[in-house]
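Enquirer: Sharing a structure here in structure tokens format.
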Amino acid sequence: MGILSLNSSSIIPSNLLRVTQKSDWCPVRRQATVFCQGGGNVIKSSGVSSVLTERSSLGSTDHAATVMDAGSLVLSKNGKTQTEIVVKDLVPYGGATSTTLKGLEDAIGIVKFLKGKKFFITGATGFLAKVLIEKILRTEPDVDKIYLLIKAKNKQAAIKRMQNEIINTELFKCLRKTHGKSYQAFMLSKLVPVVGDICESNLGIEEELSNVIADEVDVIVNSAANTTFDESVWNLRYDTAININTRGPCRLMALAKKCKNLKLFLQISTAYVNGQRQGRIMERPFNIGETIARQNFLSKIPQKFLPTLDIEGEIKLSANYEANVEDNLLPQKMRELGLERARRYGWQDTYVFTKAMGEMMIDKLREDIPVVIIRPSVIESTFREPFPGWMEGNRMMDPIVLCYGKGQLTGFLVDPNGVLDVVPADMVVNATLAAMATHGMAQKPDINVYQIASSVVNPLVFQDLARLLYKHYSSSPCIDSKGRPIQVPLMKLFSSTEEFSDHLWRDALQRSGLTAMASSNQKVSQKLENICRKSVEQAKYLANIYEPYTFYGGRFDSSNTQRLMEIMSEEEKREFGFDVKGIDWEDYITNVHIPGLRRHVMKGRGMGG
Ligand SMILES: NC(=O)c1ccc[n+]([C@@H]2O[C@H](COP(=O)([O-])OP(=O)(O)OC[C@H]3O[C@@H](n4cnc5c(N)ncnc54)[C@H](OP(=O)(O)O)[C@@H]3O)[C@@H](O)[C@H]2O)c1
């Protein structure tokens, strides 16, 4: 999922939070390196989940067809319960995957791989890529160069963005401390801003620089994406999403083909490219044109009645659609088109559908280029490095968390027994570096998928999350405009829209004092009723956006990622660890993530305790 930004009229007033603790994590230097310590069938039944198995043709990582038992865990949209889901019992959806990890020694050699390498990274001003850049520079200062693709009108503007959005940010404070006065010089000797746009041909990079990049670069990392929900995933335009998430990787692959020394093409995707797959979802690359709808309905509906996915056709459709729609209706129609196409083929929204098509196109175009696909689930604040709790943007579950803390949302529409798949940003980066070094050294012309996710190895269940939120805000409450602590009740979780709506009304009426005023002043009561109606509509709208995720029926297997960890040396495990299994959710949510959110996202506004 991506970012959900709430505007000022939404249910979060911007100045309500207050600063809690400051988390700090200081680096220590060791040797020359700086370390921080630190297919089944989907059956909609009336409320009971069940597991079906069937035979289906599935590809392994090298796409050799394997026939395996594939299962689907059935989640009833109406029943909305996952009580019966026990992960160890889940039948793998997608079959086992093979990797090229066999035969490696007792270390990957991550630092060794980074040394002297030249990178080309897109999405460098974004949340995740910044954590990646910081980690590379901190763990191997002898990396050669990192080219950063930045949208800007000219080089000066790109340098300014790099300074403001990367070099001078708090995230880099450990590096700043390590290099002291030479910090700026160090950073400018390593980071090279490249004016460009992933939506333009040749990535909008001027020819001379493009040739230099093609001559020099060892690893391409594509982290650019359109992740912004702009109010909701439903609002992502199909043409925009295709251009960035599907065609962007194609343009990058064209650059990759020109690179003389390229060792690896690494795509940051998302675990949710698995769309509406159910049950335990394996780390398997897509076959071109594959659809989730075809897999989910494999045995029920004859194949000829199911739509086939023609990506070139989708690109043309989105480009030509404009001609048939009036200008003023175009943005809305484009949003509806994306959603309609995504759902037709078995994905929940335009973002994940276009990202999935991006993966397919990479595989189609890669020829003998080694490719790694990283699929994180929901990325949240850093667990440990460079310091715990660093976060950027009001993402995924965070608007809900913040609204709840301010007493504006006391319930939500979610399967209480469902699982929220969350991973800390630094663990995603560490796993990415481990996969990068492994496959960058092996240089086999294959494609490997790594799901970095928690729902199988260490599931965070929604009702436990609600308890943790309550625990945090009870001990560190937000402060209202009069300086008083805001006491919040335990969040109520509703699995039916009707019950959730009733709750919202009751809650809004109670908070507005409307019941008491109703008889005294008709005009005031009408006004308050309108305010209540608006706030109820907003909460319902939020719940609607989240529904494909709060009732998600899939769990992301991460066997490949776990295996990566097994081949790391003990030292690598300490410095590049990503033991999602070992996360203590109570500690992470209450002491790391929410304080991080309040500090870095809310910038301490309205914070108390
Ligand atoms: N955040 C999550 O929870 C999450 C979860 C799973 C997967 N992912 C994936 O992880 C990657 C990074 O996500 P993120 O959270 O770091 O996203 P983010 O903070 O929204 O950053 C997106 C980056 O992409 C850049 N970008 C967008 N359009 C571009 C274009 N046309 N040309 C060049 N650059 C462009 C943005 O540049 P501007 O600053 O100029 O807009 C920004 O640097 C994405 O591929 C995303 O799909 C994210």
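The values are calculated or read from the model by the stated rules, or taken from the named source; none is laboratory data. Predicted, not measured: the structure shown is a model, and the values here were computed from it. So basically every Cβ, Gly included, is an ideal-geometry build from the backbone, and we count neighbours across all protein chains shown. All accessible areas refer to the heavy atoms of the entire protein, side chains included, with ligands and DNA or RNA removed. Shrake-Rupley method; radii C 1.70, N 1.55, O 1.52, S 1.80 Å.
Enquirer: Would you check which residues across region 304-325 are of a type in the set (G, A, S) and open to solvent by less than 30 Å² (accessible area, probe 1.4 Å) and list them?
Expert: Those that are of a type in the set (G, A, S) and open to solvent by less than 30 Å² (accessible area, probe 1.4 Å): G313, S318.
Enquirer: So for region 119-142 (the condition being open to solvent by 40 Å² or more (accessible area, probe 1.4 Å), within 13 Å of the ligand (Cβ to nearest atom) and among the polar types (S, T, N, Q)), does at least one residue qualify?
Expert: The answer is no; no qualifying residue exists.
Enquirer: For F387, are the conditions met, namely being open to solvent by less than 10 Å² (accessible area, probe 1.4 Å) and aromatic (F, W, Y)?
Expert: So F387 fits the description; yes.
Enquirer: Here is a further query. Would you point out the residue of region 439-454, among those that are in a helix (DSSP H, G or I) and open to solvent by 10 Å² or more (accessible area, probe 1.4 Å), that is farthest from I281 (Cα to Cα)?
Expert: M441
Enquirer: Of all the helices (runs of 4 or more DSSP H) wholly in region 147-195, which have at least 2 residues that are of a type outside the set (D, E, K, R), modelled with pLDDT of 95 or more and over 27 Å from D215 (Cα atoms)?
Expert: 173-179
Enquirer: Within region 304-323, can you find the residues that are of a type outside the set (A, V, I, L, M, F, W, C), part of a helix (DSSP H, G or I) and farther than 17 Å from T240 by Cα?
Expert: Passing the criteria: only K304.
Enquirer: Before we move on, is R251 under 26 Å from the mean Cα position of the chain (by Cα), within 22 Å of R366 (Cα to Cα) and within 16 Å of the ligand (Cβ to nearest atom)?
Expert: Spelling it out, R251 is indeed under 26 Å from the mean Cα position of the chain (by Cα), within 22 Å of R366 (Cα to Cα) and within 16 Å of the ligand (Cβ to nearest atom).
Enquirer: Tally the residues that are in contact with a helix residue (DSSP H, G or I) (Cβ under 6 Å, 6 or more places away or on another chain) and of a type in the set (G, A, S), restricting the search to region 168-209.
Expert: Here the count works out to 1.
Enquirer: Going residue by residue through region 334-346, is there one that turns out to be outside any helix (DSSP H, G or I) and crowded, with 18+ Cβ neighbours inside 10 Å?
Expert: Yes: one or more hits.
Enquirer: Return the total of residues in region 237-287 being assigned to a helix (DSSP H, G or I) and under 30 Å from N328 (Cβ atoms).
Expert: Adding up the residues that qualify gives 11.
Rundown of residues vs (1) away from the ligand (no atom under 14 Å from the Cβ); (2) open to solvent by 10 Å² or more (accessible area, probe 1.4 Å); (3) more than 21 Å from the chain's Cα centre (by Cα); (4) more than 17 Å from E385 (Cβ to Cβ), yes/no style:
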position: G116; (1), (2), (3), (4): yes, yes, yes, yes
position: L149; (1), (2), (3), (4): no, yes, no, yes
position: R161; (1), (2), (3), (4): no, yes, yes, yes
position: K177; (1), (2), (3), (4): yes, yes, yes, no
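Enquirer: All but one of (1) farther than 22 Å from I268 by Cα; (2) open to solvent by less than 10 Å² (accessible area, probe 1.4 Å) hold for E207, so report the exception by its number.
Expert: Failed condition: (2).
Enquirer: Can I ask one more? For Q463, are the conditions met, namely being outside any loop (DSSP other than H, G, I, E, B), farther than 30 Å from F576 by Cβ, at pLDDT 95 or above and not small (G, A, S)?
Expert: yes
Enquirer: Among the residues of region 490-512, which ones are part of a loop (DSSP other than H, G, I, E, B) and open to solvent by 50 Å² or more (accessible area, probe 1.4 Å)?
Expert: Within region 490-512, just L490 meets the criteria.
Enquirer: I would also like to ask the following. What strands (runs of 3 or more DSSP E) completely inside region 355-415 contain at least 2 residues that are within 16 Å of the ligand (Cβ to nearest atom)?
Expert: 371-376, 378-380
Enquirer: Select, from A214, A271, A256, A225, the only residue that is within 10 Å of the ligand (Cβ to nearest atom), open to solvent by less than 50 Å² (accessible area, probe 1.4 Å) and at pLDDT 95 or above.
Expert: Every option except A271 fails the conditions.
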